[in-house]
Structure formats: structure tokens, C-alpha cells
Amino acid sequence: MAFTERSEPTRTAILAAARRRFGDDGYERTTVRAVAADAGVDPSMVMRYFESKDGLFNAAIAVDLQLPDLRGVPPEEIPARLARHFVDRWEGDLADEAIMILLRSAVTNPTAAERLRSVFSTQVTGAVRALTGDAPGSPTRAGLLSTQLLGLALCRYILRLPPVVALSPAQVVEALTPILREILLGPLP
């Protein structure tokens, strides 16, 4: 459906309500009716704009990792820059609740899991390839990098493991940097 300037406030309200619901209740327990009630619209409006619960979910969790262009950055600086970037995406100035909603939902919903896989495999693999070219092992490095980033996000923001939550953002960057250095610059198994 084409959106007009007049329909944008309603669409924005629906998306905000959907992000809250998906974030609080997960994909499975979120209903179109609940999102519509939260947005103050009739459920038919949600269906008109997004066609289905899946369409609403996909619109609510559009994720761009906004990975920095690291070409030309000295290799020894890249791991720290990436660690800082991801901590900022999770809890800093660049924080994006869609990433957390997608991560939380991916644990129980196959559609969300596939979406998360797609976001990380496409965007992280692209960033690693920009650094390494088509060197053998680039996909493996990207996969291991994603594993570390998603594992940290899951433990810190979803499971809220106390020792990991207790770390300041700077401590998270400090702890993550050597791991990313090994993945990006070290030998592969």
C-alpha cells in the first residue's frame, strides 16, 4: 500500500505500538488486536497498512546495523571500533529497539530467527568481506563475529546475566575487543 502524508501518523502509531508489544510480549503472544488497541485504531487499519501479523512484524523490526566503513582503518583499530559500534547500537546513542525485539523474538519464532540470520549474515559478512576481500575464511570470520555479538547481546540484554549486566559499556568494549581481534585478524581453525 502506498502511504500518504495523511496516513503517516497512524502508521507511525501502529509501528510504535507494535514495537512495544513485540518487545514486551514477543511474537507469539502479540496480537493484531492488541497492537491496534495500543495504537488507538481499529484492527482493520493494521491489516490495511501491513496485511498480516508477519507484515507488521517485518515493518516493526526493519534492522540496519549501520556498520561503519572500516576500509582504510588500520587493522589493529578495527576490533575496538566494531566493539564500540555494537555496544552503541544496543545501548548508546545509536540504540535501536528493533534489534532487541528481533533478538528476543528469534528465540521462539522461526520467521524472526530467519530475519536475524539474514540481517547478520548479509550485513556482517559484507563488512568482513570489505576488510578481507574474498579471502578464504571470510564467511567463517563473519559467522564467528556474529556469534560473539549475538551471544553478548542475548546474555546482557535478554537473559540479563548479572555479571555481564554489571559491566559498564566501556568494560564490555574492553572485554569484547580482544575476542573480535582474534576472530578478525587471528588464524582460523
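The values are calculated or read from the model by the stated rules, or taken from the named source; none is laboratory data. This one's a predicted model, so the numbers in the text were calculated from it and none came from an experiment. In this analysis, Cβ positions are derived from the backbone assuming ideal geometry, glycine residues included, and neighbour counts consider all displayed protein chains.
Filter the range 168-189 for residues that are out of contact with any helix residue (DSSP H, G or I) (no Cβ under 7 Å at 6 or more places or on another chain) and not in a helix (DSSP H, G or I) and give the result.
SER168, GLY186, PRO187, PRO189
Answer yes or no: is there a residue in the range 60-75 that is over 30 Å from ARG6 (Cβ atoms), in contact with an Asp or Glu (Cβ under 7 Å, 6 or more places away or on another chain) and not β-branched (Val, Ile, Thr).
Within the range 60-75, none of the residues are over 30 Å from ARG6 (Cβ atoms), in contact with an Asp or Glu (Cβ under 7 Å, 6 or more places away or on another chain) and not β-branched (Val, Ile, Thr).
Can you go through ASP54, ASP64, ASP25 and tell me which one is outside any helix (DSSP H, G or I), surrounded by fewer than 17 Cβ atoms within 10 Å (Cβ to Cβ), out of contact with any Lys or Arg (no Cβ under 6 Å at 6 or more places or on another chain) and not aliphatic (A, V, I, L, M)?
On inspection, the qualifying residue turns out to be ASP64.
Counting only residues that are within 19 Å of LEU70 (Cβ to Cβ) and under 8 Å from the mean Cα position of the chain (by Cα), how many does the range 91-112 have?
Summing the residues that are within 19 Å of LEU70 (Cβ to Cβ) and under 8 Å from the mean Cα position of the chain (by Cα) in the range 91-112 gives 0.
If we keep just the residues of the range 150-167 that are over 18 Å from the mean Cα position of the chain (by Cα) and not in a helix (DSSP H, G or I), which is surrounded by the fewest Cβ atoms within 10 Å (Cβ to Cβ)?
Across the range 150-167, the extreme among qualifying residues is ALA166.
Return the residues of the range 104-118 that are among the hydrophobic types (A, V, I, L, M, F, W, C) and buried (at least 20 other Cβ atoms within 10 Å of the Cβ); say none if nothing qualifies.
Matches in the range 104-118: ALA106, ALA112, LEU116.
Return the residues of the range 86-102 that are of a type in the set (A, V, I, L, M), surrounded by fewer than 20 Cβ atoms within 10 Å (Cβ to Cβ) and in a helix (DSSP H, G or I); say none if nothing qualifies.
ALA98
Go through ASP42, ASP64 for me and flag whichever is among the acidic types (Asp, Glu) and in contact (Cβ under 8 Å) with a residue 24 or more places away in the chain.
Selected residue: ASP64, the only one of ASP42, ASP64 that is among the acidic types (Asp, Glu) and in contact (Cβ under 8 Å) with a residue 24 or more places away in the chain.
For residues that are closer than 25 Å to VAL107 by Cα and hydroxyl-bearing (Ser, Thr, Tyr), tally how many sit in the range 26-52.
4
Here is a yes/no grid of residues against (1) without any contact (Cβ under 8 Å) to a residue 12 or more places away in the chain; (2) in contact with a Pro (Cβ under 9 Å, 6 or more places away or on another chain):
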site	(1), (2)
GLY72	yes, no
GLU77	yes, no
VAL87	no, yes
TRP90	no, yes
PHE120	no, no
GLN171	yes, no
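Residues checked against (1) assigned by TED's automatic domain parsing to the domain that holds ALA170; (2) modelled with pLDDT under 90; (3) more than 18 Å from LEU15 (Cβ to Cβ):
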{"residue": "ALA36", "(1), (2), (3)": "no, no, no"}
{"residue": "ASP69", "(1), (2), (3)": "no, yes, yes"}
{"residue": "ALA83", "(1), (2), (3)": "yes, no, yes"}
{"residue": "TRP90", "(1), (2), (3)": "yes, yes, yes"}
{"residue": "ALA98", "(1), (2), (3)": "yes, yes, no"}
{"residue": "ILE101", "(1), (2), (3)": "yes, yes, no"}
{"residue": "SER105", "(1), (2), (3)": "yes, yes, no"}
{"residue": "PRO136", "(1), (2), (3)": "yes, yes, yes"}
{"residue": "ALA142", "(1), (2), (3)": "yes, no, yes"}
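Can you tell me how many residues within the range 94-145 are hydrophobic (A, V, I, L, M, F, W, C) and either touching a Gly at 6+ places or on another chain (Cβ under 6 Å) or more than 21 Å from LYS53 (Cα to Cα) (or both)?
Final tally of qualifying residues: 13.
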